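What follows is one structure encoded as structure tokens, with my remarks underneath.
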Amino acid sequence: MLKRLYNWTMALSARKSAEVWLAVIAFVESSIFLVPADVLFLPMALARPERAWRYALVATVFSVLGGIAGWWIGSFAFDAIAAPILEFWGKLDTFNELKAGITFETILLMLVTSGFAHLPPIKVVTILSGAVHVNIWLFIVSALVTRGARFFLLAWLLRRYGEDIRHFIEKRLGKIAMIGASVLIVVFAGYKLLLAH
């Protein structure tokens, strides 16, 4: 099913309405959808490099708006909406594990790592942020910074290197971002251990 969703999302980039679909996918990715907006953003920016910054702005704004929707779902409609969504995507256990040991510092760390590297999946963190009542303004600022950093970095790479960089982005950039996020998590865990002693 995920492969079909991926292919369907990729096919949207060829439509005249691609920019509208980019906004839609960026929005729903942050709250209920499994396929990242990058799948649509990359071919669009490659096809129209002069619009790469515009596409990055659209993806960032609607990703943040989708994150706010996820926060609202987590805060006000968890049982009715969030739990069935998370269960459908197989993320409910992950969510419950995260929620059990959450602190202000860890939720802030997850906002950074999920926004930039999808670690953990951003929809889990947006809903979790609402469920544990993270300050909405802190949430919005962190989402703007991290999602903006991701999409504008991709736009810069695509404008500078074009098609040559696409394979690297699709195959390697996600892994590099995940490694960076993992290192950040390990450093944070080490810091917490030192404080505990």
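Would you mind stating whether T60 is open to solvent by 50 Å² or more (accessible area, probe 1.4 Å) and not hydrophobic (A, V, I, L, M, F, W, C)? Break it down stepwise before answering.
On the way: open to solvent by 50 Å² or more (accessible area, probe 1.4 Å): no; not hydrophobic (A, V, I, L, M, F, W, C): yes.
Here the answer is no, as T60 does not meet what is asked.
Residues considered: V112, V35. Of these, the only one that is closer than 21 Å to I136 by Cα and among the hydrophobic types (A, V, I, L, M, F, W, C) is V112.
Can you tell me how many residues within the stretch 63-72 are closer than 14 Å to A23 by Cα, buried (at least 23 other Cβ atoms within 10 Å of the Cβ) and among the hydrophobic types (A, V, I, L, M, F, W, C)? Number satisfying all stated conditions: 1.
Cβ contacts < 9 Å: first residue touching a residue at least 24 places away in the same chain (Cβ under 8 Å), restricted to the stretch 71-98; second residue among the charged types (D, E, K, R), any location; separation 6+ or different chain. Result? Listed by first residue and then by second, the contacts come to I85/K91; I85/K123; L86/D93; L86/K123; W89/K123; K91/K123. Any residue at all in the stretch 94-113 that's under 13 Å from the mean Cα position of the chain (by Cα) and open to solvent by 30 Å² or more (accessible area, probe 1.4 Å)? Scanning the stretch 94-113 turns up at least one residue that is under 13 Å from the mean Cα position of the chain (by Cα) and open to solvent by 30 Å² or more (accessible area, probe 1.4 Å).
Residues in the stretch 126-149 that are in a helix (DSSP H, G or I) and free of Cβ contacts under 8 Å to residues at least 40 places away in the same chain: how many?
So the count comes out to 7.
For the stretch 147-164, name all the residues that are open to solvent by 100 Å² or more (accessible area, probe 1.4 Å) and within 16 Å of F62 (Cα to Cα). Explain how you work it out, then say what you get.
First pass over the stretch 147-164, keeping only residues open to solvent by 100 Å² or more (accessible area, probe 1.4 Å): 156, 159-161, 163-164.
Of everything in the stretch 147-164, nothing turns out to be open to solvent by 100 Å² or more (accessible area, probe 1.4 Å) and within 16 Å of F62 (Cα to Cα).
The values are calculated or read from the model by the stated rules, or taken from the named source; none is laboratory data. No experiment lies behind these values; they were computed from the predicted model shown. Neighbour counts are summed over all protein chains in view; Cβ atoms, including those assigned to glycine, are modelled from backbone coordinates with ideal geometry. All accessible areas refer to the heavy atoms of the entire protein, side chains included, with ligands and DNA or RNA removed. Shrake-Rupley method; radii C 1.70, N 1.55, O 1.52, S 1.80 Å.
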